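To keep things clear, I will list the structure first and then write my remarks on it.
The values are calculated or read from the model by the stated rules, or taken from the named source; none is laboratory data. Remember, predicted model here, so these are calculated numbers, not experimental data. Cβ sites come from the backbone with ideal geometry, for glycine too, and all protein chains shown count toward neighbours.
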Amino acid sequence: MNKKPYYITTAIAYTSGKPHIGNTYEIVLADSIARYKRMQGYDVRFQTGTDEHGQKIELKAAEAGITPKEFVDNVAGEIKRIWDLMNTSYDKFIRTTDEYHEKQVQKIFKKLYDKGDIYKGYYEGLYCTPCESFWTESQLVDGKCPDCGREVKPAREEAYFFRMSKYADRLIEHINTHPEFIQPVSRKNEMMNNFLLPGLQDLCVSRTSFKWGIPVDFDDKHVIYVWLDALSNYITGLGYDADGNHGDLYKKYWPADLHLIGKDIIRFHTIYWPIFLMALDLPLPKQIFGHPWLLQGDGKMSKSKGNVIYADDLVDFFGVDAVRFFVLHEMPFDNDGVITWELMVERLNSELANTLGNLVNRTISMSNKYFGGTVENKGISEDVDEDLKSTIIAAAGRVDSKMNELRVADAITEIFGIFKRCNKYIDETMPWALAKDESKKDRLATVLYNLVEGIAIGAVLLAPFMPETSEKILAQINAPARELSDLGEFGKIPNGTKVTEKPEILFARLDVNEIMEKVEALKAADKAEQEESGIDVEGKPEITIDDFDKIQLRIGEIIKCEAVPKSKKLLCSQVKMGSEVRQIVSGIRQYYTPEEMVGKKVVVVANLKPAKLAGVLSEGMLLCAENDKGEYVLLTAESDVPNGAEVG
């Protein structure tokens with residue numbers, strides 16, 4: 001019997017540095033879906049990989065004193081190591097520096113150029129280097145990149161463009177007629193209302209200002225711009241050929257069943273990618289799911305804030321399956337999730353050690369104590385047994401429904417509902433009391449049989465999410481192999497099955513204070529390393545002395561300061577520079593009181609275009625540095641420099 005193919009992909013990870021746990025969440029999420037689909041009987045193809053071109057990589061490699069290829073080789077190796085550490089079952093790890101991928105991207109570019117969908121022109125706009133994106137003035141947020149919030153700079157260069165508007169109406173129609181195409185629905189509404197319906201601009205698809213990219217083979221001063229290169233991996237990794245000589249994998253698995261991506265890159269996958277495919281006359285993926293972010297307790301993870309958590313550190317503390325459980329269970333369907341060390345300990349103790357581990361341990365121990373480890377259904381049932389069975393069977397059905405909707409956290413909640421019901425069943429039946437009455441021996445055997453069967457069903461369902469734990473549980477109770485389709489019936493454990501003599505402790509309870517002491521030691525070591533080498537920040541393109549001369553820095557003395565009404569972040573300072581007084585608004589209220597500001601001699605960007613912040617006019621900028629705690633510290637004059645003096 002031929003299995004139905006199912007093709008799932010993650011976004012390919014950008015090779016700018018080691019991925020933190022928020023980045024790692026996506027590969028674990030995709031793995032759990034891929035594993036579940038295999039259990040449903042699908043022939044699954046699971047692809048992940050790395051995105052390795054672009055100006056940002058070129059700059060980072062230069063800073064490191066190595067070639068871009070050496071840089072991406074190192075980072076791609078680290079990413080693959082972490083994906084493997086997390087026990088993810090991908091079938092293909094593609095790199096955009098792979099020769100076959102680069103060759104096909106060149107052919108795709110030429111094909112679209114010959115078709116007239118790509119044309120040469122000039123790009124003039126505001127460019128964000130970290131995001132490698134051009135923006136118009138109207139797209140900026142507070143004058144900065146709408147995606148990452150960093151500074152943008154004017155740029156003009158010759159470039160090739162893709163005619164996006166040519167396919168916009170067709171894409172709108174597809175989205176409207178395929179409600180499952182973009183999930184969750186909130187992401188679809190965002191794309192339609194913010195980008196498609198207002199009208200698409202043509203997209204820049206080549207660059208000349210850097211070299212680390214795939215060359216346009218008929219115009220080699222251009223390199224192919226990131227999204228046409230990166231997005232094409234979903235088909236090149238299957239053996240797509242722009243000349244039509246596609247490989248067997250492409251013929252079997254395309255179109256993709258699911259592109260799993262972070263919500264921050266939803267626009268590129270739901271607008272650019274489908275339009276590229278339309279231009280190539282290829283089928284569109286069936287579904288694109290933009291998952292939310294996993295945040296640290298105090299916000300988005302940042303090395304400068306010192307709040308980055310890495311998967312390998314978590315695994316050292318808690319083990320692979322505990323980390324998998326946490327990131328999958330704590331992430332809502334449509335809202336950002338939160339991770340902290342303390343929360344990890346709490347969940348491990350309550351859910352994994354108490355609910356699951358203790359249940360398995362008690363059940364096996366009682367089976368050994370009362371029946372020498374032999375499990376047998378004597379058929380002595382009571383009403384509570386029927387409730388247990390119906391609850392477990394219904395939960396198994398709900399797991400299937402939740403997984404078909406990609407509600408992974410909800411599916412795990414249903415599975416742990418099975419284990420909680422089994423724990424309640426122990427309290428209801430009190431096996432230790434039954435054991436004291438010889439006439440109740442058959443009833444006791446039935447109770448323990450029901451517990452072993454309930455654990456077996458829960459463990460089978462747990463396999464996609466916590467594969468090693470599932471395997472350990474099933475081995476300890478000596479449960480036979482079971483398909484998902486078999487979980488609709490209670491009582492598959494054969495009579496006479498023998499459980500292990502000594503149950504393994506699946507998850508030991510942890511002391512939160514001991515863990516936090518170790519975490520603080522880890523942070524201290526990281527901080528010491530940072531202090532020794534300084535804090536690494538994103539590099540920016542080189543500037544000339546002419547560029548620097550455009551900025552006027554002056555010393556200003558703060559003579560008055562007050563909080564901005566209706567804002568928790570802003571302070572409004574009156575800054576004296578020579579004979580004039582400027583009003584400057586700064587987002588540093590959480591670091592300084594108005595009283596602390598008065599009298600400071602600060603460095604001011606004096607020729608910054610005035611702007612309104614929270615309705616208050618700001619006529620400059622106070623310069624600050626960010627310390628290793630993510631706090632902003634004002635740059636001040638070291639000695640008695642007169643206000644108004646020029647810095648340079």
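When you go through (1) of a type outside the set (Ser, Thr, Tyr); (2) farther than 30 Å from residue 463 by Cα; (3) free of Cβ contacts under 8 Å to residues at least 40 places away in the same chain one by one for residue 80, which number turns out not to apply?
Among (1) of a type outside the set (Ser, Thr, Tyr); (2) farther than 30 Å from residue 463 by Cα; (3) free of Cβ contacts under 8 Å to residues at least 40 places away in the same chain, residue 80 violates only (2).
Are any of the residues in the range 84-95 closer than 19 Å to residue 320 by Cβ, among the acidic types (Asp, Glu), assigned to a helix (DSSP H, G or I) and touching a Leu at 6+ places or on another chain (Cβ under 9 Å)?
Looking only at the range 84-95, we keep the residues that are closer than 19 Å to residue 320 by Cβ, and these are 84-90, 93.
Still in the running and among the acidic types (Asp, Glu): 84.
Filter again for assigned to a helix (DSSP H, G or I), leaving 84.
Right, trim to touching a Leu at 6+ places or on another chain (Cβ under 9 Å) and you get none.
Checking the range 84-95: not a single residue is closer than 19 Å to residue 320 by Cβ, among the acidic types (Asp, Glu), assigned to a helix (DSSP H, G or I) and touching a Leu at 6+ places or on another chain (Cβ under 9 Å).
If the requirement is being among the hydrophobic types (A, V, I, L, M, F, W, C), within 21 Å of residue 255 (Cα to Cα) and at pLDDT 95 or above, which of these qualifies: 79, 8, 66?
Numbers: 79 fails: within 21 Å of residue 255 (Cα to Cα); 66 fails: within 21 Å of residue 255 (Cα to Cα).
The unique qualifying residue is 8.
Give the residues of the range 230-258 that are part of a loop (DSSP other than H, G, I, E, B) and in contact with an Asp or Glu (Cβ under 8 Å, 6 or more places away or on another chain), sorted by residue number. Spell out how you get there, then give the answer.
Filtering the range 230-258 for residues part of a loop (DSSP other than H, G, I, E, B) gives 232, 237-247, 254-257.
The answer is 239, 247.
Has the range 23-34 got at least one residue that is modelled with pLDDT of 95 or more, in contact with a helix residue (DSSP H, G or I) (Cβ under 9 Å, 6 or more places away or on another chain) and surrounded by fewer than 18 Cβ atoms within 10 Å (Cβ to Cβ)?
no
Identify the single condition in (1) closer than 30 Å to residue 337 by Cα; (2) out of contact with any Leu (no Cβ under 6 Å at 6 or more places or on another chain); (3) in contact (Cβ under 8 Å) with a residue 40 or more places away in the chain; (4) among the polar types (S, T, N, Q) that residue 497 does not satisfy, given that it satisfies every other one.
So residue 497 meets the others, but not (1).
So residue 191 clears everything in (1) assigned to a strand (DSSP E or B); (2) within 30 Å of residue 405 (Cα to Cα); (3) of a type in the set (A, V, I, L, M, F, W, C) except one condition, right? Which one?
With respect to (1) assigned to a strand (DSSP E or B); (2) within 30 Å of residue 405 (Cα to Cα); (3) of a type in the set (A, V, I, L, M, F, W, C), residue 191 is out only on (1).
What's the number of the condition residue 338 fails, among (1) outside any helix (DSSP H, G or I); (2) within 21 Å of the chain's Cα centre (by Cα); (3) surrounded by 17 or more Cβ atoms within 10 Å (Cβ to Cβ)?
Going through the list (1) outside any helix (DSSP H, G or I); (2) within 21 Å of the chain's Cα centre (by Cα); (3) surrounded by 17 or more Cβ atoms within 10 Å (Cβ to Cβ), residue 338 breaks only (3).
Select, from 195, 181, 161, the only residue that is in contact with a strand residue (DSSP E or B) (Cβ under 7 Å, 6 or more places away or on another chain) and farther than 24 Å from residue 9 by Cα. Show your work before the answer.
Working: 195 fails: in contact with a strand residue (DSSP E or B) (Cβ under 7 Å, 6 or more places away or on another chain); 181 fails: farther than 24 Å from residue 9 by Cα.
From the options 195, 181, 161, the qualifying one is 161.
Does residue 515 satisfy being at pLDDT 90 or above, within 29 Å of residue 317 (Cβ to Cβ) and either touching a His at 6+ places or on another chain (Cβ under 9 Å) or loosely packed, with under 13 Cβ neighbours inside 10 Å (or both)? Break it down stepwise before answering.
Working: at pLDDT 90 or above: yes; within 29 Å of residue 317 (Cβ to Cβ): yes; either touching a His at 6+ places or on another chain (Cβ under 9 Å) or loosely packed, with under 13 Cβ neighbours inside 10 Å (or both): no.
Judged against the criteria, residue 515 is not a match.
Given the condition under 27 Å from residue 31 (Cβ atoms) and touching a Cys at 6+ places or on another chain (Cβ under 8 Å), answer yes or no: does some residue in the range 458-474 qualify? Walk me through how you get there before you give the answer.
Residues of the range 458-474 that are under 27 Å from residue 31 (Cβ atoms), as a first pass: 458-474.
Remaining after also requiring touching a Cys at 6+ places or on another chain (Cβ under 8 Å): 458.
Yes - at least one qualifying residue is present in the range 458-474.
Does any residue of the range 4-18 turn out to be under 25 Å from residue 397 (Cα atoms) and assigned to a loop (DSSP other than H, G, I, E, B)? Before you say what the answer is, go through the steps one by one.
Our first condition is that a residue be under 25 Å from residue 397 (Cα atoms); within the range 4-18, this holds for 4-8.
When the remaining residues are screened for being assigned to a loop (DSSP other than H, G, I, E, B), the result is 4.
Checked against the condition, which is being under 25 Å from residue 397 (Cα atoms) and assigned to a loop (DSSP other than H, G, I, E, B), the range 4-18 yields at least one hit.
Mind checking which residues of the range 598-620 are assigned to a strand (DSSP E or B) and either free of Cβ contacts under 8 Å to residues at least 24 places away in the same chain or within 34 Å of the chain's Cα centre (by Cα) (or both)? Give the derivation first.
Of all residues in the range 598-620, those assigned to a strand (DSSP E or B) come to 601-605, 611-613, 616-618.
Listed by number, the residues that qualify are 612, 613.
Search the range 633-648 for residues that are under 14 Å from residue 622 (Cα atoms) and aliphatic (A, V, I, L, M) and pair each with any residue that is loosely packed, with under 14 Cβ neighbours inside 10 Å and modelled with pLDDT of 80 or more when their beta-carbon atoms are under 6 Å apart and the residues are at least 6 apart or on different chains.
As it stands, the answer is 633/625, since those pairs meet every condition given.
Within the range 466-483, how many residues turn out to be under 20 Å from residue 329 (Cβ atoms) and either buried (at least 24 other Cβ atoms within 10 Å of the Cβ) or at pLDDT below 95 (or both)? Explain how you work it out, then say what you get.
Keep residues of the range 466-483 that are under 20 Å from residue 329 (Cβ atoms), which gives 466-473.
Checking the rest, the ones that are also either buried (at least 24 other Cβ atoms within 10 Å of the Cβ) or at pLDDT below 95 (or both) come to 466, 469, 473.
So the count comes out to 3.
Which residues, taken from the range 495-525, are of a type in the set (Val, Ile, Thr) and in a loop (DSSP other than H, G, I, E, B)? Before you say what the answer is, go through the steps one by one.
Step one: filter the range 495-525 for residues of a type in the set (Val, Ile, Thr), giving 497, 499-500, 505, 512, 515, 519.
Listed by number, the residues that qualify are 499, 500, 505.
Could we say that residue 284 is under 25 Å from residue 27 (Cβ atoms), modelled with pLDDT of 95 or more, touching a Pro at 6+ places or on another chain (Cβ under 9 Å) and not in a loop (DSSP other than H, G, I, E, B) here? I'd like the intermediate steps shown before the answer.
Values: under 25 Å from residue 27 (Cβ atoms): yes; modelled with pLDDT of 95 or more: yes; touching a Pro at 6+ places or on another chain (Cβ under 9 Å): yes; not in a loop (DSSP other than H, G, I, E, B): no.
Taking the combined requirement at face value, the residue does not satisfy it.
Restricting attention to the range 194-229, and to residues there that are among the basic types (Lys, Arg) and assigned to a loop (DSSP other than H, G, I, E, B), which single residue is nearest to residue 101 (Cα to Cα)? So that I can check it myself, show each step before the final result.
Step one: of the range 194-229, the residues among the basic types (Lys, Arg) are 207, 211, 221.
Still in the running and assigned to a loop (DSSP other than H, G, I, E, B): 211, 221.
Working: 211: 18, 221: 20 Å.
For the range 194-229, the residue satisfying everything is 211.
Output the number of the condition that residue 398 fails; it satisfies all remaining conditions of (1) farther than 30 Å from residue 33 by Cβ; (2) of a type in the set (D, E, K, R); (3) free of Cβ contacts under 8 Å to residues at least 40 places away in the same chain.
Answer for residue 398: the failing condition is (1).
From the set of residues in the range 135-159 that are closer than 19 Å to residue 272 by Cα and more than 24 Å from the chain's Cα centre (by Cα), which is surrounded by the most Cβ atoms within 10 Å (Cβ to Cβ)?
Checking each candidate, the answer is 159.
Can you pull out the residues in the range 457-484 that are free of Cβ contacts under 8 Å to residues at least 40 places away in the same chain and small (Gly, Ala, Ser)?
Once the filter is applied, which keeps residues that are free of Cβ contacts under 8 Å to residues at least 40 places away in the same chain and small (Gly, Ala, Ser), the range 457-484 yields 459, 470, 475, 479, 481.
Would you be able to tell me the number of residues in the range 555-597 that are assigned to a strand (DSSP E or B), more than 15 Å from residue 620 (Cα to Cα) and under 37 Å from the mean Cα position of the chain (by Cα)? Steps first, answer last, please.
Quick first cut of the range 555-597, residues assigned to a strand (DSSP E or B) only: 555-563, 571-577, 580-586.
Now restrict to residues that are more than 15 Å from residue 620 (Cα to Cα): 559-560, 562-563.
Checking which are under 37 Å from the mean Cα position of the chain (by Cα) leaves us with 563.
Total meeting the criteria: 1.
Name the residue that is surrounded by the most Cβ atoms within 10 Å (Cβ to Cβ), counting only residues in the range 490-512 that are within 37 Å of the chain's Cα centre (by Cα) and over 20 Å from residue 362 (Cα atoms). Let's see the steps before the verdict.
Narrowing the range 490-512 to residues within 37 Å of the chain's Cα centre (by Cα): 503-512.
Add one more test, that the residue is over 20 Å from residue 362 (Cα atoms), and what stays is 511-512.
Values: 511: 10, 512: 16.
Only one residue tops the list, namely 512.
Is the range 168-177 home to any residue that is touching an Asp or Glu at 6+ places or on another chain (Cβ under 9 Å) and either in a helix (DSSP H, G or I) or surrounded by fewer than 18 Cβ atoms within 10 Å (Cβ to Cβ) (or both)? Outline the logic, then answer.
If we filter the range 168-177 for residues that are touching an Asp or Glu at 6+ places or on another chain (Cβ under 9 Å), which is where we start, we get none.
No, the conditions are met nowhere in the range 168-177.
If a residue counts only when it is crowded, with 20+ Cβ neighbours inside 10 Å and small (Gly, Ala, Ser), which helices (runs of 4 or more DSSP H) contained entirely in the range 347-443 have at least 2 such residues? Walk me through how you get there before you give the answer.
Values: elements: 359-371, 383-404, 408-429, 431-434.
The qualifying helices (runs of 4 or more DSSP H) are 383-404.
Conditions tested, residue by residue: (1) closer than 30 Å to residue 59 by Cβ; (2) among the hydrophobic types (A, V, I, L, M, F, W, C); (3) at pLDDT below 85.
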{"residue": "547", "(1), (2), (3)": "yes, no, yes"}
{"residue": "581", "(1), (2), (3)": "no, yes, no"}
{"residue": "585", "(1), (2), (3)": "no, yes, no"}
{"residue": "593", "(1), (2), (3)": "no, no, no"}
